[in-house]
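The values are calculated or read from the model by the stated rules, or taken from the named source; none is laboratory data. Worth saying up front: this structure is predicted, and the values here are computed from it rather than measured. Every residue, glycine as well, gets a Cβ built from its backbone with ideal geometry; the counts of neighbours run over all protein chains shown.
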Amino acid sequence: MHTYVALFRGINVGGKNSLPMKDLASIFEILGASNVKTYIQSGNVVFQSESKNISSFSKRLGIEIRERRGFEPHILVIEPSEVETAITNNPFPEAESEPSSLHLGFLVVAPKNPDLTKLESLKKGSERFCLIDSILYLHAPEGVGRSRLAASSEKLLGVPMTYRNWNTVCKLKEMATLIALPPKNSNAADG
């Protein structure tokens, strides 16, 4: 079994594209996933699958959601090692003490021609950002919802992306680690 993390963009936001997590988990199971665990309503799923072709799984997942719910969300499926690397590479470790101000933008691929100059011109004085491979780190102490940089980042990077705050990223790593552990043998003698 392979463990994966699925990040959805644009579901259950502002009353649009409603998809309860119970229904989402059920769709994963219909497609053959197991140990499906969701985290908060914005579309974070940790699951296991026999499939090594996660791109095909992701496409089928999008089609299944469209057929059942009438919309097809952007879905990024990554391996737990990518989440761990994103955590390890955080260029703003001092911001971890204020986890709601630290966001990681997971990109589909590393951008080839990001407009970092324009991003720099949009940031507020208190904001910082750093692009490392396929992750855009954004420290926005005044809130990401009011950040012009955050609002324009996908367009200026030229690659689809989805943001998660520091707490969510750490929780997804923890969840992926737990479901990847081998089951305890109930017949084993206590030592």
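Here are a few things to note about the model shown:
- Test result for Ala86, under 25 Å from Glu174 (Cα atoms) and part of a helix (DSSP H, G or I): yes
Rundown of residues vs (1) charged (D, E, K, R); (2) farther than 19 Å from Tyr4 by Cβ; (3) out of contact with any His (no Cβ under 7 Å at 6 or more places or on another chain), yes/no style:
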{"site": "Leu24", "(1), (2), (3)": "no, no, yes"}
{"site": "Leu31", "(1), (2), (3)": "no, no, yes"}
{"site": "Phe57", "(1), (2), (3)": "no, no, yes"}
{"site": "Arg66", "(1), (2), (3)": "yes, yes, yes"}
{"site": "Pro80", "(1), (2), (3)": "no, no, yes"}
{"site": "Val83", "(1), (2), (3)": "no, no, yes"}
{"site": "Ala95", "(1), (2), (3)": "no, yes, no"}
{"site": "Pro99", "(1), (2), (3)": "no, yes, yes"}
{"site": "Phe106", "(1), (2), (3)": "no, no, yes"}
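- When residues of the stretch 141-191 are limited to those that are outside any helix (DSSP H, G or I), of a type in the set (A, V, I, L, M, F, W, C) and more than 18 Å from Tyr4 (Cα to Cα), the one modelled with the highest pLDDT: Val159
- Counting only residues that are of a type in the set (Phe, Trp, Tyr) and more than 23 Å from Ile78 (Cβ to Cβ), the stretch 112-171 holds 0 of them.
- Consider the stretch 65-97 and keep the residues that are over 20 Å from Leu131 (Cα atoms) and among the acidic types (Asp, Glu). The one that is modelled with the highest pLDDT is Glu67.
- Every test in (1) part of a loop (DSSP other than H, G, I, E, B); (2) in contact (Cβ under 8 Å) with a residue 60 or more places away in the chain is passed by Val109 save one, and that test is (2).
- Matching residues in the stretch 98-114 - criterion: being β-branched (Val, Ile, Thr) and either under 13 Å from Leu131 (Cβ atoms) or not assigned by TED's automatic domain parsing to the domain that holds Ser126 (or both): Val109
- Lys124 meets each of the listed conditions (1) at pLDDT below 95; (2) out of contact with any Leu (no Cβ under 8 Å at 6 or more places or on another chain); (3) outside any helix (DSSP H, G or I) apart from (2).
- Taken over the stretch 96-121, the residue count meeting the criterion of being over 19 Å from the mean Cα position of the chain (by Cα) and either among the β-branched types (Val, Ile, Thr) or buried (at least 17 other Cβ atoms within 10 Å of the Cβ) (or both) is 3.
- Complete set of residues in the stretch 51-83 that are in a helix (DSSP H, G or I) and under 20 Å from Lys171 (Cβ atoms): Pro80, Ser81, Glu82, Val83
- Applying the criterion of being of a type in the set (D, E, K, R) and under 21 Å from Tyr163 (Cβ atoms) to the residues of the stretch 10-44, the residue that is modelled with the lowest pLDDT is Lys16.
- Selected residue [out of contact with any helix residue (DSSP H, G or I) (no Cβ under 9 Å at 6 or more places or on another chain) and surrounded by 14 or more Cβ atoms within 10 Å (Cβ to Cβ)] from Glu127, Glu154: Glu154
- Condition check for Ile63: more than 26 Å from Ala151 (Cβ to Cβ), assigned by TED's automatic domain parsing to the domain that holds Leu31 and without any contact (Cβ under 8 Å) to a residue 40 or more places away in the chain: yes
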